1. Length gain on complete extension for the stretch Asp4 to Ala18, per 0.36 nm per residue less the alpha carbon to alpha carbon distance?
2. Under the Karplus relation 6.51 cos²θ - 1.76 cosθ + 1.60, θ = phi - 60°, what is the ordered set of whole-Hz ³J(HN,Hα) values for the stretch 20-28, x standing for Gly and Pro?
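Please treat every number below as a calculation from the coordinates, not as lab data. For clarity, every value in this text was computed on a predicted model and none was experimentally measured.
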Amino acid sequence: MSSDWQAWITLGIIILTAMLFIWRAINKRRKKNDGCGHDCGCPSSSLTKKKGDSNPKS
């Protein structure tokens with residue numbers, strides 16, 4: 001190993017971290033955002049089946 005092995009290790013960690021950030025950002029964009037499903041007034045909350053409801057709202 002050369003005398004600057006710490007620099008190579010550091011560079012590898014930085015590249016790995018950057019790749020993880022990019023991967024997470026791409027995955028967040030790919031996911032379909034249907035809303036939160038809570039009582040916030042978004043469209044998906046009106047379409048989800050509530051506890052005790054026999055029919056979901058449409």
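1. Extra length available between Asp4 and Ala18 comes to 2.9 nm.
2. Calculated HN-Hα couplings, in order: 5, 4, 5, 4, 5, 5, 5, 5, 5 Hz.
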